[in-house]
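None of the figures in this text is laboratory data; all of them are computed from the coordinates on show. Please read these numbers as outputs of a predicted model, since none were measured by experiment. As a convention, Cβ positions derive from the backbone with ideal geometry for all residues, glycine included, and neighbour counts pool all protein chains shown.
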Amino acid sequence: MTNVDEKVLLWINSLVGKSAALDRIMIWLANDYFILAIISLILLALWFVGGDMAQRESYHRAIIVAAISMGSACGFVLAANNLYHHDAPFKTMPELMDTVNSIFYPIVDPSFPSNTSAVTFAAAASLWQKSHKIGALMLIPAILMPFAKVYAAVYWPSDVVAGAILGVLTAYFIKWIMPNPLFELVANLIFKVLRKICLA
Amino acid sequence: MDKVTSFQYFIFVFIASVGVLQLIAAGTGLKGILFFKRKALDYLFSFLAIGGSFYWFFQWHNRIDTVMRQTGLEGAQQFLYFCMATFAALVFTLIGSSLLKVRGKGQPKGNRQGLDALKEMSYFVAVKHSFRSKGDK
């Protein structure tokens, strides 16, 4: 497994420096703020989408599930960090440090599982359950950001895959535990207030 | 080397969110929260706000290759400041658009509720109408 991980990482990382345009794109995609801001702004925009009140409420519920899933995924990543630890690629192979610095920066947090892919996949999987079209659209940034970090040798491919699985499982878990009487009571009350003040 | 500050992130998200709200309002027909009477101007404003905020935050003084090459805001901080900035952008949009529509469109039309009310009237008028209609029953 470690060997496969290393081979895939080195193959992807060997592309660094071959094309200035590709490196530039990866700098943007790996950035700590760029993709996450885009995903969050899409969630904001979706709040206002929907032809009628019922359709809009289903979007609102999906957005709430996505927000809770993204936050919970971060929590699960922290818990997983304490269960298993391995060094980031540039720590195992210091010769990769130059490529790390040319695209991103050396991270200090544990790399397994990837926090980035857990959060982005949690958002995509939450919206996938509402609409496959929107979910697929969100899957693009969800894949690109962690890929850029593998490209920069910040994460191992297995970190990204583990993060993605954790993110997807979190989204389905949150969606599964949501339909309970207490949540429905609170959600219905919030929607009622938001409708009264013309925000839902 | 400077770091990305929470204030810079707040301003970036605030301006981008105002742009997104105008863009989506123009696209979905929520005329009550538009800043301009002409849709074309709203689209122009949206693209300038979104594009300008991204350019300023990432490209101004080549920040993406300098200040962003180190740990800045943690995930939880980003989430917190994003929520605060988005809320501020929403309040700014609702108040700003209502003040711009203070003349004309004074009387509510139709009986739409919730967000749909913003398709016909400004936010202030819609909220007033929403609370009045409950009192009438």
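Taking the alpha-carbon centroid of each part, what is the distance from segment A:62-111 to segment A:112-160 in angstrom?
Each part reduced to its Cα centre gives a spacing of 12 Å.
Rounded to the nearest 0.05, what FRET efficiency is calculated for residue A:140 and residue A:182 with R0 set to 35 Å and r the Cβ-Cβ distance?
Values: r = 35 Å, r/R0 = 1.01.
With a Förster radius of 35 Å, E is 0.50.
Arranged by the count of other C-beta atoms within 10 angstrom, fewest first, what order do B:83, A:198, A:74 take?
Going from least to most buried by this count: B:83, A:74, A:198.
Please list the equivalent ellipsoid semi-axes of segment A:2-196, computed as the square roots of five times the alpha-carbon gyration tensor eigenvalues, in descending order and whole angstrom.
Details: eigenvalues 248, 66, 28 Å².
One finds semi-axes of 35, 18, 12 Å for segment A:2-196.
Checking understanding here: applying a Kyte-Doolittle mean of at least -0.5 and a length along the axis of at least 20 Å (C-alpha), which whole DSSP H helices in chain A pass? Before the final figure, lay out the partial values.
Numbers: long enough: A:53-83 (44 Å, 0.66); A:132-151 (28 Å, 1.26); A:157-177 (30 Å, 1.35); A:181-196 (22 Å, 0.91).
Helices passing the filter in chain A: A:53-83, A:132-151, A:157-177, A:181-196.
Provide the net charge surrounding residue A:86, with neighbours chosen by a C-beta distance below 11 Å and charges set as Lys +1, Arg +1, Asp -1, Glu -1.
Details: positive: A:91; negative: A:5, A:87, A:159.
Local net charge: -2.
Filter the cross-link list A:196/B:101; A:175/B:128; A:192/B:128; A:130/B:101 down to pairs whose alpha-carbon distance in this structure exceeds 25 Å. Kindly include the intermediate steps, with their values, before the conclusion.
Numbers: A:196/B:101 21 Å; A:175/B:128 36 Å; A:192/B:128 16 Å; A:130/B:101 36 Å.
A:175/B:128; A:130/B:101, as the Cα separations exceed 25 Å there.
Which distance in nm do the two modelled labels at residue B:43 and residue A:55 give, with both placed 7 Å along the Cα-to-Cβ direction?
Output for this residue pair reads 2.1 nm.
In segment A:9-29, which residues have a backbone nitrogen under 20 Å from the label point lying 7 Å from residue A:101's Cα in the Cα-to-Cβ direction?
Only A:13-20, A:23-24, A:26-28 fall inside the zone, counting backbone N under 20 Å.
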